[in-house]
Amino acid sequence: MIMNDTYILGIETSCDETSVSIVKNGVTEIATVVSSQMDTHAKFGGVVPEIASRMHVEVITMVLEECLNKASITMDDIDAIAVTYAPGLIGCLLVGVTFASTLSYIYNKPLVPVHHIIGHIYANNLKSRLKFPLISLVVSGGHTEIVYMDKDYSFKKIGGTLDDAVGEAYDKVARVINVPYPGGPTVDKLAHIGNNTYNLPTPLDDNSYNFSFSGIKSAVINLVHNETQRGNEINKEDLCCTFQNKVVDILTKKTIKALKEYKCNNLIVAGGVSANSGLRKRLTEICNDKNISLTYPEIRLCTDNAAMIASAGYYAYKLGIISDINLKARPSSSMY
Ligand code: KG4
Ligand code: ZN
């Protein structure tokens, strides 16, 4: 352990993963533990907030202990504690924030508040150090945005969804074709087997950087209902393929336009849907063609985890973004 190294302990509990991680100097992941509640919530077809917060309480101390053991370091070696304070399910955020504040008090370590979406963006920093200026395409279960960054921790929103997030649309499509929660990864798999045979609308096909996914989602729901009423069987693979193609078309077109207008040669993709293989494939082809450097996180760091919070927390800490122990959890809060 070198004296100048900075070790950040990250804590993430905003939805249905309890996670603790230790990251060195913002870029080197030392150890990460993720305890997922996915199997429990799958029975209900979505995250049940009350159950989620209770499960965080049950496991969080063990997740911390396991992470410290894995990293072979103690709390004394930690420089600061970074925690997701927003946005997310309030009961879930409260568990992480209370736990982090308590650790900060007991061990006398600075407490660093991190916005969950900033965390998703910094998951890319664990793959390779961010290069500026960059465009970040943020695609998660709750957010769909195009963000411009010219330096660390500086975020300018240049567009976003006017209604549903893209991950949310994936999960609703999955539900209507009876694919278990969370449907995104399964719709992605089915899409690869199918063909682009159905007709879906292209909403907001304009010059703006905004998106709208509720129209496509409703079109899929109507299509399934109409076919079912007529006694026709839906070809799930083809429907997933058509849906995925449409979503990827829309996301790619506006992202490439933003890169051009903002004169950026660096693109990063953030949030759960950055795991989508159709999106990765299309962006890879276009970025290769246009000589744009493209980064997306490792698959396991695309969805919620504390390593991304610890990475973002390092840059926040260096900028002096530190909270007292009365840090409040916020279910919705802007990162701009
Ligand atoms: O970022 P995330 O873990 O949670 C939020 O911050 O919202 O994203 C979860 C979302 C879910 O909607 C899930 O279905 C979607 O990411 N997702 C995917 C894939 N993997 C996860 N969507 C499409 N294709 C995937 N491979
Ligand atoms: Zn997330």
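Using Cα atoms only, what is the angle between the long axis of helix 236-261 and the major principal axis of the chain, expressed in degrees (0 to 90) to the nearest 10? Here the helix axis deviates by roughly 60 degrees.
Ligands, DNA and RNA left out, the 1.4 Å accessible surface of the chain is 50% carbon and sulfur atoms.
Our analysis of the chain gives Rg over Rh at 0.99, with the two radii drawn from alpha carbon positions and Rh computed by the Kirkwood formula. Given a Förster distance of 51 angstrom, what is the FRET efficiency for D150 paired with K43, based on the Cβ-Cβ distance and rounded to 0.05? The pair D150/K43 has a calculated efficiency of 0.65.
Going by accessible surface with a 1.4 Å probe and the largest first, I321, I106 read I106, I321. With respect to the chain, whose longest principal axis is taken over its alpha-carbon atoms, helix 277-290 is tilted by about 90°. Would you work out the relative contact order for segment 129-296, in percent, from Cα pairs under 8 angstrom that are 6 or more residues apart? Rounded, it is 28 percent for segment 129-296.
Heavy-atom accessible area with a 1.4 Å probe sorts V47, V138, largest first, into V47, V138. Scanning the chain for trypsin sites (Lys or Arg not before Pro) in DSSP loops with at most 15 neighbouring Cβ atoms within 10 Å leaves 44-126 as the longest stretch between them. Accessible surface for segment 129-296, divided over its residues, is 45 Å² per residue with a 1.4 Å probe. Where the eigenvalues come from the Cα gyration tensor of segment 215-336, what are the semi-axes √(5λ) of the equivalent ellipsoid, largest first, in whole Å? Over the Cα atoms of segment 215-336, the ellipsoid semi-axes are 35, 23, 13 Å. Determine the distance separating the Cα centre of segment 102-173 from the Cα centre of segment 189-249; give it in Å without decimals. Using only Cα atoms to place each centre, the spacing works out to 27 Å. Helical content alone sets the calculated 222 nm signal of the chain at -13500 deg cm²/dmol, taking -39,500 (n - 2.57) per DSSP H segment of four or more residues and averaging over every residue. Against the chain, whose longest principal axis comes from its Cα atoms, helix 184-193 is set at around 40 degrees.
Relative contact order, whole percent, for the chain stands at 26, derived from Cα pairs under 8 Å and 6 or more residues apart. Taking the square roots of 5 times each eigenvalue of the Cα gyration tensor of segment 129-296, largest first, gives ellipsoid semi-axes of 30, 15, 14 Å. Lysine pair count for segment 29-176 with Cα-Cα distance under 21 Å and sequence separation of 8 or more or different chains is 7.
With a simple spin-label model that places each label point 7 Å from the Cα along the Cα-to-Cβ direction, the separation between T61 and R129 comes to 4.0 nm. Note on K70 and K253: the model spin-label points, each 7 Å out from Cα along the C-beta direction, lie 4.1 nm apart. In this calculation the C-beta distance from D163 to T102 is compared with R0 = 45 Å, giving a FRET efficiency of 0.70. Each residue, N291 and K318, gets one label point 7 Å from its Cα in the Cβ direction; the gap between the two is 2.9 nm. Loop-resident GluC sites (Glu not before Pro) (DSSP state other than H, G, I, E or B) in segment 253-336 with no more than 14 further Cβ atoms inside 10 Å of their Cβ: E298. Across the protein chains, with a 1.4 Å probe defining accessible surface, the residues S53, S128 rank S128, S53 from largest area downward.
The values are calculated or read from the model by the stated rules, or taken from the named source; none is laboratory data. Since the structure is predicted, the reported quantities are computational estimates derived from the model, not experimental observations. Note that each Cβ is placed from the backbone with ideal geometry, even for glycine, and that neighbours are counted across all protein chains shown. Accessible surface is based on the protein model in full, side chains and every heavy atom, while ligands, DNA and RNA are left aside. Shrake-Rupley method; radii C 1.70, N 1.55, O 1.52, S 1.80 Å.
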